[in-house]
1. Being more than 9 Å from ligand 1 (Cβ to nearest atom), out of contact with any helix residue (DSSP H, G or I) (no Cβ under 8 Å at 6 or more places or on another chain) and farther than 20 Å from residue 35 by Cα is the filter here; which residues of region 249-271 pass it?
2. Could you grab me the full set of residues in region 253-283 that are more than 13 Å from ligand 2 (Cβ to nearest atom) and outside any strand (DSSP E or B)?
3. Give just the number: which of (1) more than 18 Å from residue 252 (Cβ to Cβ); (2) surrounded by 15 or more Cβ atoms within 10 Å (Cβ to Cβ) does residue 167 not satisfy?
4. Among the residues of region 174-193, count how many are assigned to a strand (DSSP E or B) and more than 10 Å from ligand 1 (Cβ to nearest atom).
5. Collect the residues in region 81-101 that are assigned to a loop (DSSP other than H, G, I, E, B), more than 16 Å from ligand 2 (Cβ to nearest atom) and surrounded by 12 or more Cβ atoms within 10 Å (Cβ to Cβ), keeping them in residue-number order.
6. When you scan region 52-70, do you find a residue that is in a strand (DSSP E or B) and buried (at least 18 other Cβ atoms within 10 Å of the Cβ), even just one?
7. So residue 289 clears everything in (1) within 11 Å of the chain's Cα centre (by Cα); (2) surrounded by fewer than 16 Cβ atoms within 10 Å (Cβ to Cβ) except one condition, right? Which one?
8. So, in region 194-206, of the ones that are farther than 17 Å from residue 134 by Cβ and assigned to a strand (DSSP E or B), which residue ends up farthest from ligand 2 (Cβ to nearest atom)?
Ligand SMILES: CC1(C)c2ccccc2-c2ccc(C[C@@H](CC(=O)O)C(=O)C(=O)O)cc21
Ligand SMILES: [Zn+2]
C-alpha cells in the first residue's frame, strides 16, 4: 500500500535549480553497495540502522534523556546556519585571520531552555539549532538506543567500502525551517533521520566550478559562496549549470552523503522540530590512482591553496599570484 505522504511541496523552499531524485533503495538491495562504491548518494530505507532512534527519539523523549549538560546551540538571525571555522577568523591571537562578521552565534543551553525557546519562538527571535556529540554526557536511555543501532550493518558497510574509523556521531535538533547551506565535508557520512522531515539537495564534487567555495583560508572554507535564496549570477554565472539531486528523508531513513559531495539540508517549513543523527568517517590518505577521481582533484586544489597561503603569508596575495600564473598561460 502506498503510505500517504506526511508533507507537501509548499513546505519546501524554492530554488532556481534542476533537481533529480536521489534513489531510495530497500536496505537489502545490492545496488546500495554499487552506489556507495561509486561514491554516489543513496537513501537506505527500511533498515534497523537507527531503528531505536526512529522508535524513541521525539523532542519530549530527548528533553527527558539527552542529559543535563549544557549543549551547543547555534543562534541565527535568519533561517540559514552557515558554518564557519572560528580558528580562521581574524582576532588578537590570529593575525593571519581575515575580516569576517560571523552569521551565527554559538551558545550553551540546557535542553529544557532550548525546548522552551523552540515552543515560544516568534518571527524576529533568533532561530535555534542544537548539536550534541554522542558522548558520555548523554543519558542512559540514549546510550542504550545508540548501542542498539544496527552496528553489524553499519560496520559491514564501513569495512566493505574501506572507510576509515568512525570519528563522531552528532545528534542534531533543528527548529522547523532551518537551513544548513550548501557545503562539503571531508568525511564519508551516514546521515540518519530520526524524527521529522529534512529536504537534502546534493551536488557531485565535479560541480566545484558551479558552486564557488570560499577560499580554503576563509572561515567559510568548504561552504559555497552562492546564496541559494538569491543567487548572484554576475559573480557566480556557472551556478545555473549546477546539476543537483534531492530527496526528503523521513524517520528511519539513512542518506549516504559521499565524501566531498556538496549538500544543502533544510528542515521542512511548518513541519515542527527535526532530529537527525549522523555518522562521520575520516578516510586515511588514499593512494592516488589514475585517472584521478573528482574529489581527489578538489583535495589537490585545497593543498595548493594552503601551500600558497603558507608561503605568501598574506591572504590577499594568493588570488593575484594564481591569476598571474594562469591567465594567458593556462586559459
Ligand atoms: C549547522 C550545524 C548545526 C552546525 C553549526 C556549527 C558547527 C557545525 C554544524 C553542523 C554540522 C553538521 C550538521 C548536520 C548536517 C546538516 C543538517 O542536517 O542541517 C550536515 O551538514 C552533515 O551531517 O554533514 C549541522 C550543523
Ligand atoms: Zn555537512
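The values are calculated or read from the model by the stated rules, or taken from the named source; none is laboratory data. Note that the coordinates shown come from a computational prediction; the quantities given were computed from them, not determined experimentally. Cβ atoms come from the backbone with ideal geometry, glycine included; neighbour counts cover every protein chain shown.
1. If the condition is that a residue be more than 9 Å from ligand 1 (Cβ to nearest atom), out of contact with any helix residue (DSSP H, G or I) (no Cβ under 8 Å at 6 or more places or on another chain) and farther than 20 Å from residue 35 by Cα, then 250 is the only one that fits.
2. Scanning region 253-283 gives 253, 268, 269, 270, 271, 272, 273, 283.
3. Here residue 167 meets the rest and fails (2).
4. Of the residues in region 174-193, 1 are assigned to a strand (DSSP E or B) and more than 10 Å from ligand 1 (Cβ to nearest atom).
5. 90, 96, 97, 100, listed by residue number.
6. no
7. With respect to (1) within 11 Å of the chain's Cα centre (by Cα); (2) surrounded by fewer than 16 Cβ atoms within 10 Å (Cβ to Cβ), residue 289 is out only on (1).
8. So the residue we want is 199.
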